[in-house]
Amino acid sequence: MRAFALLLVALLAVPVAAGAQSSDPAGSSASRSEAARSARVSVGSETGLPIPRFVTLRAREVNVRTGPGVRYPIDWVYQRPNLPVEVVAEFDTWRKIRDFEGTEGWVHQSMLSGRRTVIVVTAVRMLRREPAESAPAMARLEPGVIAWLEVCRDDWCEVEVAGIDGWLRRGDVWGVRVGESGQD
């Protein structure tokens, strides 16, 4: 059973978007530091919730538009439910989102969920039984694997992936800020 879970976790790393193109060809939004982003926290004009904030894609296919409304063309389509994204602006029922690669666009609020996930970035990471490097590994997580976020403490986040609960270093995932509990 454990071998099956490890295989399943490795298979979860699939392409994120179909036809995704960065709205910022210079890539500057992807190169901004997380610290610079978190320093610019404000409140959404429509919801009163913090901007930026992390949310999750709700549907199997999410149209991302060039502007806030159906009259704007679809720029690309996410084909990855539960992908963590960051809300960076609000307009009426539309939310401007940014993904872990820095790509931005507008989606309808009904396509987003407040239940949090994180995505493994850059390299294979070990899911640990306890929040310590010396704790036994429970699974190997490939880049692109999405995990449900439970809570974060200090440098570690408790997550669930493919039915396995464990701990990952906060810096090994995208979808939670430094100092944030994950339940904020």
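Looking at the stretch 60-72, I want the residues that are under 19 Å from Arg98 (Cβ atoms) and have a partner that is of a type in the set (Phe, Trp, Tyr) and not in a strand (DSSP E or B) with Cβ atoms under 9 Å, at least 6 apart or on another chain. Which pairs are those?
Arg65/Tyr72; Thr66/Tyr72
Please determine, by comparing only the residues of the stretch 112-157 that are of a type in the set (Lys, Arg) and assigned to a loop (DSSP other than H, G, I, E, B), which one is farthest from Trp174 (Cα to Cα). I'd like the intermediate steps shown before the answer.
Pass one, the stretch 112-157, residues of a type in the set (Lys, Arg): 115-116, 125, 128-129, 140, 153.
With assigned to a loop (DSSP other than H, G, I, E, B) added as a condition, the list becomes 115-116, 129.
Details: Arg115: 15, Arg116: 11, Arg129: 20 Å.
Result: Arg129.
Testing Arg65 on (1) surrounded by fewer than 14 Cβ atoms within 10 Å (Cβ to Cβ); (2) more than 16 Å from the chain's Cα centre (by Cα), one condition comes back false. Which one is that?
Every listed condition holds for Arg65 apart from (1).
Just the residues that are modelled with pLDDT of 95 or more, touching a strand residue (DSSP E or B) at 6+ places or on another chain (Cβ under 7 Å) and either more than 24 Å from Val118 (Cβ to Cβ) or among the aromatic types (Phe, Trp, Tyr) (or both), please, taken from the stretch 41-88.
Within the stretch 41-88, Phe54, Arg65, Thr66, Gly67, Pro68, Gly69, Tyr72, Pro73, Ile74, Asp75, Tyr78 meet the criteria.
Do we find a residue being assigned to a strand (DSSP E or B), over 16 Å from the mean Cα position of the chain (by Cα) and assigned by TED's automatic domain parsing to the domain that holds Arg58 anywhere in the stretch 92-99? Please lay out each step first, then the result.
Initially, the stretch 92-99 is screened for residues assigned to a strand (DSSP E or B), giving 94-98.
Remaining after also requiring over 16 Å from the mean Cα position of the chain (by Cα): 94.
If we keep only those that are assigned by TED's automatic domain parsing to the domain that holds Arg58 as well, we get 94.
Scanning the stretch 92-99, I find at least one residue that is assigned to a strand (DSSP E or B), over 16 Å from the mean Cα position of the chain (by Cα) and assigned by TED's automatic domain parsing to the domain that holds Arg58, so the answer is yes.
The values are calculated or read from the model by the stated rules, or taken from the named source; none is laboratory data. This structure is a prediction, so every number in the text was calculated from the model and none was measured. Note that we place each Cβ from the backbone using ideal geometry, even for glycine, and neighbour counts take in every protein chain shown.
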